[in-house]
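Enquirer: Sending over a structure as structure tokens; questions will come in a sec.
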Amino acid sequence: MLNFYNKKYTDLYITIAKLSRAEFFYNDIKLDDKLETRIYLIFVHFSLIFVIFKNQKIEKKITQKIFDNLFQNIEYHLREQGMGDVTVNKKMKELNRIFYDILLKIRLPYMENNEVNMDIIKKYLVSNTNMSINKEELSKYFKNFFKFCFSLDSKDIIKGKIYYNHGCT
């Protein structure tokens, strides 16, 4: 169940959450299928969208509401899993730091060539136990996702109308 803080922005969260749960990431790319990985995938998707919004000069008030909605939904899911207040607050602080780390690394010159910083993939998506993931294919996915979304109207993105299915079945 999702927290419907603002329906307009929750649709975008739902769309990105569905993309992040695609079997492609876990079967083809070989990422670990766990909550943490899914959250990091959500963060990379949202960071790419925020780069697009900045380029398209979307109001900061709107991006702030989208950001707030993203973290409110994640917090809700953590609480739904039975985590207590102290644990949730600590986890949310950590996730906030990770999101900004991803966002800042994505905004670096890598985006000039539509490339996703490979450091993000290595730091957040490759576990020590699963070194066999297809990093190049994952980077290609995000590059194509960025190009796809860049061609969309920002109003459609905000409404969650992102019909991207590269590798997703």
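Bear in mind that the values in this text are calculations on the coordinates, not laboratory data. None of these values were measured; they are calculated from a predicted model. Using ideal geometry, Cβ is built from the backbone for each residue, glycine included, and neighbour counts are taken over all protein chains shown.
Enquirer: Which entries in the list 8/155; 57/147; 90/159 go over 19 Å, if you measure between the two C-alpha atoms of each?
Expert: Values: 8/155 10 Å; 57/147 17 Å; 90/159 30 Å.
Exceeds cut-off: 90/159.
Enquirer: Note the listed values (1) 1.40; (2) 1.08; (3) 0.99, then indicate which one is Cα Rg over 2.2 N^0.38 Å calculated from this particular structure.
Expert: Only one listed value fits the structure, namely (3).
Enquirer: Place the peptides 23-34, 54-65 in order of packing, highest mean first, counting for every residue the other Cβ atoms within 10 Å and averaging per peptide.
Expert: Details: 23-34: 16.4, 54-65: 12.2.
Going from most to least packed, we get 23-34, 54-65.
Enquirer: Contour minus end-to-end for residue 34 and residue 55, with contour as 0.36 nm per residue of separation and end-to-end as the Cα-Cα distance? All intermediate terms of the calculation are to be shown ahead of the outcome.
Expert: On the way: separation 21, 0.36 × 21 = 7.56 nm, distance 3.23 nm.
The span from residue 34 to residue 55 would gain 4.3 nm if fully extended.
Enquirer: Kindly point out which whole DSSP H helices in the chain project their C-alpha atoms 15 angstrom or further along the helix axis while averaging a Kyte-Doolittle hydropathy of 1.0 or above. Before the final figure, lay out the partial values.
Expert: Working: long enough: 7-20 (19 Å, -0.11); 35-55 (30 Å, 1.31); 60-80 (30 Å, -0.91); 85-106 (31 Å, -0.07); 135-150 (22 Å, -0.49).
Qualifying helices, which must be both long enough and hydrophobic enough, are 35-55.
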